1. Scan segment 117-131 and give yes if some residue there is out of contact with any Leu (no Cβ under 7 Å at 6 or more places or on another chain) and not in a helix (DSSP H, G or I), otherwise no.
2. Which condition breaks for TYR110 when tested against (1) more than 18 Å from ILE160 (Cβ to Cβ); (2) part of a loop (DSSP other than H, G, I, E, B)?
3. Are there strands (runs of 3 or more DSSP E) fully within segment 1-80 with at least 1 residues that are more than 16 Å from LEU127 (Cα to Cα), polar (S, T, N, Q) and touching a Phe, Trp or Tyr at 6+ places or on another chain (Cβ under 9 Å)? List them.
4. Out of the residues in segment 103-127 that are within 18 Å of LYS57 (Cα to Cα) and without any contact (Cβ under 8 Å) to a residue 60 or more places away in the chain, which is surrounded by the fewest Cβ atoms within 10 Å (Cβ to Cβ)?
5. Quick check: is even one residue across segment 32-46 modelled with pLDDT of 90 or more and not hydrophobic (A, V, I, L, M, F, W, C)?
6. Out of segment 129-146, which residues are surrounded by fewer than 19 Cβ atoms within 10 Å (Cβ to Cβ) and in contact (Cβ under 8 Å) with a residue 24 or more places away in the chain?
7. For segment 133-151, indicate whether the set of residues that are farther than 30 Å from LYS35 by Cβ, over 14 Å from the mean Cα position of the chain (by Cα) and not in a loop (DSSP other than H, G, I, E, B) is non-empty.
8. PHE97 is checked against (1) in a helix (DSSP H, G or I); (2) within 19 Å of ILE22 (Cβ to Cβ); (3) in contact (Cβ under 8 Å) with a residue 12 or more places away in the chain and fails just one. What number does that condition carry?
Amino acid sequence: MKIKVYNRQKLCKLNIAKLKKIVSFVVQNEMAISKYASLLNITSNLKEFLVYILDEKNMINLNLETFGKSTPTDVISFSYLDEEFIFEEEFIIGEIFISLEQALKVYKKYKTNINYEFILYVIHGILHQFGYDDNNTHNIKKMRERENFYMNLFSLIPNIILK
């Protein structure tokens with residue numbers, strides 16, 4: 001599987017190699033335990049997962065275009081797993097768009113650190129790809145449990161964000 005990261009912000013340097021490893025691990029793990037497990041058998045180089053790191057202005061524009069909201073948001077996720085074209089030779093599993101500026105604003109509020117907040121956004125976006133949602137109390141609980149599972153795994157990974 002190819003993980004492509006497009007860094008469209010200039011606030012912080014990112015360790016793209018580490019980010020790709022985290023994304024690859026979570027995507028492949030979630031795929032293996034989901035109804036899409038059979039897709040793992042397709043040659044891995046034919047599948048792609050795209051990650052875009054955006055500045056606040058571009059994230060607001062995407063939120064406006066997608067949801068009609070002209071406000072900043074942390075993550076926007078698009079899954080293509082249920083689309084018919086996934087059985088073509090090459091296909092995109094999904095895309096996530098992450099606002100690094102939102103992570104920079106929010107991490108102080110929750111008394112975490114920027115790396116923790118950023119990785120949490122990445123995981124959150126990926127989980128949306130596989131049907132996790134945060135639209136009611138029951139779904140939020142399931143999503144938080146899964147986020148915590150991955151955050152505990154990745155808690156020892158040194159900085160992805162290199163200020």
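The values are calculated or read from the model by the stated rules, or taken from the named source; none is laboratory data. Every value quoted in this text rests on a predicted model; they were computed, and no experiment measured them. Backbone-built Cβ (ideal geometry, glycine too); neighbour counts: all protein chains shown.
1. Within segment 117-131, one or more residues are out of contact with any Leu (no Cβ under 7 Å at 6 or more places or on another chain) and not in a helix (DSSP H, G or I).
2. Condition (1) is where TYR110 drops out.
3. Details: elements: 2-8, 47-54, 75-79.
The strands (runs of 3 or more DSSP E) meeting that bar are 2-8.
4. Just the residues of segment 103-127 that are within 18 Å of LYS57 (Cα to Cα), to begin with: 103-106, 118, 121.
Okay, now just the ones that are also without any contact (Cβ under 8 Å) to a residue 60 or more places away in the chain, so 103, 105-106, 118, 121.
Numbers: ALA103: 26, LYS105: 14, VAL106: 16, PHE118: 26, TYR121: 22.
Residue satisfying both the conditions and the ranking: LYS105.
5. So far as segment 32-46 goes, no, none of its residues is modelled with pLDDT of 90 or more and not hydrophobic (A, V, I, L, M, F, W, C).
6. The answer is GLY131, and nothing else.
7. From segment 133-151, those farther than 30 Å from LYS35 by Cβ are none; that's our starting set.
Checking segment 133-151: not a single residue is farther than 30 Å from LYS35 by Cβ, over 14 Å from the mean Cα position of the chain (by Cα) and not in a loop (DSSP other than H, G, I, E, B).
8. Of (1) in a helix (DSSP H, G or I); (2) within 19 Å of ILE22 (Cβ to Cβ); (3) in contact (Cβ under 8 Å) with a residue 12 or more places away in the chain, only one is false for PHE97: (1).
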